[in-house]
Amino acid sequence: MSETATHVASGKVREIYALDDERLLLVTSDRISTFDVVLPTEIPDKGRVLTGLSAFWFAQTQSIVPNHLLALRADGRSTECRRLEMLPIECVVRGYLAGSGWKDYVASGEVCGHRLPAGLVESDRLPEPIFTPATKAQTGHDENIDRAAAIALVGESRYDEAERVTLDLYRYISERAAARGIILADTKLEFGVDETGKLVLADEAFTPDSSRFWPADEYKPGGPQPSFDKQFVRDYCESLGWGKTYPGPELPAQVVDGTRARYVEAFERLTEIPFDEYLADPEIVLG
Ligand SMILES: Nc1ncnc2c1ncn2[C@@H]1O[C@H](COP(=O)(O)OP(=O)(O)OP(=O)(O)O)[C@@H](O)[C@H]1O
Ligand SMILES: [Mg+2]
């Protein structure tokens with residue numbers, strides 16, 4: 001690092017440094033988590049895939065909403081960004097019924113206060129994408145909340161703005177992904193507010209870690225779908241009968257290689273940029 005950076009936090013996947021009062025450096029590692037457990041084995045270049053995809057989408061969606069990206073470093077995994085006041089909610093949008101959305105629907109017929117038609121099956125496409133915010137849990141799992149609970153946290157006009165922008169982004173990206181054979185079932189976005197009060201898209205965006213990507217040619221509602229990127233890892237972990245608590249298992253070479261290939265394939269299909277070209281010059285994703 002060419003300038004002084006103070007380490008401020010470690011996430012499951014990212015290391016966060018402060019460059020100065022206005023800027024952060026987000027460094028995305030190759031760590032992989034499954035069932036919320038970070039595994040002891042890394043997936044080479046996974047952090048570069050996540051960083052490159054986020055930067056690609058930030059560049060592509062600037063006309064929908066401003067974002068935090070300032071610069072992409074030559075290592076392909078470090079992003080300089082504007083340091084924002086983050087909204088205390090996760091902005092989730094769902095076009096399909098999976099994960100906690102499916103669980104909530106089975107229990108109550110609703111997801112975050114959206115009443116859904118009866119008789120939907122797991123992984124069904126929803127009549128319309130829905131905004132389903134969640135709390136940002138400091139520990140444990142995020143909790144789905146309804147409109148009133150989210151408004152109590154961010155205020156009504158900010159809520160309405162975040163909902164509108166999140167739905168606009170989802171419609172735009174999910175159409176582009178569909179054209180490349182990938183279903184964007186749902187995704188989580190994080191927004192911050194800048195010093196002028198403007199809403200700014202932050203964190204990572206439309207990556208395999210923040211989204212459910214499904215291969216469209218294998219889509220079959222009525223059960224869980226294979227994950228585009230993590231399926232080999234999940235299948236391998238399940239085959240061991242592992243209890244899904246720390247410590248996670250080491251991954252064998254063929255699972256690592258297969259998973260790396262899927263991450264790279266997601267990058268190349270979504271961006272239409274060869275991954276080697278990204279490695280040679282990350283700024284290629286900025287268009
Ligand atoms: N522009 C920004 N300004 C301020 N904070 C940001 C910005 N972009 C992202 N963040 C914050 O940086 C952190 C990113 O780290 P990371 O994704 O590794 O951790 P996490 O999401 O908190 O936890 P985990 O991913 O381990 O569940 C998040 O807390 C996110 O809200
Ligand atoms: Mg995160």
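Suppose we keep only residues that are within 10 Å of ligand 1 (Cβ to nearest atom) and not polar (S, T, N, Q) within the range 23-51. Which one would you say is nearest to Asp276 (Cα to Cα)?
Here is the first cut: in the range 23-51, the residues within 10 Å of ligand 1 (Cβ to nearest atom) are 23-24, 26-29, 31, 33, 36, 38, 50.
Remaining after also requiring not polar (S, T, N, Q): 23-24, 26-27, 31, 36, 38, 50.
Details: Arg23: 29, Leu24: 27, Leu26: 22, Val27: 20, Arg31: 21, Asp36: 30, Val38: 27, Leu50: 15 Å.
Step by step, filter the range 23-51, then rank; the result is Leu50.
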Hits in the range 1-33 (condition: within 13 Å of ligand 2 (Cβ to nearest atom), part of a loop (DSSP other than H, G, I, E, B) and small (Gly, Ala, Ser)): Gly11, Ser29
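Is it true that Leu84 is among the hydrophobic types (A, V, I, L, M, F, W, C), surrounded by 24 or more Cβ atoms within 10 Å (Cβ to Cβ), within 16 Å of ligand 2 (Cβ to nearest atom) and within 27 Å of Thr135 (Cα to Cα)?
no
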The lone exception for Gln254 - which of (1) assigned to a loop (DSSP other than H, G, I, E, B); (2) over 22 Å from the mean Cα position of the chain (by Cα); (3) not hydrophobic (A, V, I, L, M, F, W, C) it fails: (1)
Strands (runs of 3 or more DSSP E) contained in the range 69-135 and holding at least 3 residues modelled with pLDDT of 95 or more and closer than 30 Å to Gly222 by Cβ: 89-96, 125-131
Which numbered condition Asp45 fails, given (1) more than 14 Å from ligand 2 (Cβ to nearest atom); (2) surrounded by fewer than 18 Cβ atoms within 10 Å (Cβ to Cβ): (2)
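Can you pull out every residue in the range 234-287 that is hydroxyl-bearing (Ser, Thr, Tyr) and surrounded by 14 or more Cβ atoms within 10 Å (Cβ to Cβ)? Write out each step before concluding.
Residues of the range 234-287 that are hydroxyl-bearing (Ser, Thr, Tyr), as a first pass: 236, 239, 245-246, 259, 263, 271, 278.
Once the filter is applied, which keeps residues that are hydroxyl-bearing (Ser, Thr, Tyr) and surrounded by 14 or more Cβ atoms within 10 Å (Cβ to Cβ), the range 234-287 yields Tyr236, Thr259, Tyr263, Thr271, Tyr278.
Answer yes or no as to whether Gly222 is out of contact with any strand residue (DSSP E or B) (no Cβ under 7 Å at 6 or more places or on another chain), at pLDDT 95 or above and part of a loop (DSSP other than H, G, I, E, B). Even if it seems obvious, please write down each step before you answer.
Working: out of contact with any strand residue (DSSP E or B) (no Cβ under 7 Å at 6 or more places or on another chain): yes; at pLDDT 95 or above: yes; part of a loop (DSSP other than H, G, I, E, B): yes.
Here the answer is yes, as Gly222 does meet what is asked.
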Residues being part of a loop (DSSP other than H, G, I, E, B) and either crowded, with 19+ Cβ neighbours inside 10 Å or without any contact (Cβ under 8 Å) to a residue 24 or more places away in the chain (or both) - total across the range 176-217: 11
Members of the range 173-208 found to be within 9 Å of ligand 1 (Cβ to nearest atom) and out of contact with any strand residue (DSSP E or B) (no Cβ under 6 Å at 6 or more places or on another chain), listed by number: Glu204
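The values are calculated or read from the model by the stated rules, or taken from the named source; none is laboratory data. Model, not experiment: these values are computed from the prediction. Every residue, glycine as well, gets a Cβ built from its backbone with ideal geometry; the counts of neighbours run over all protein chains shown.
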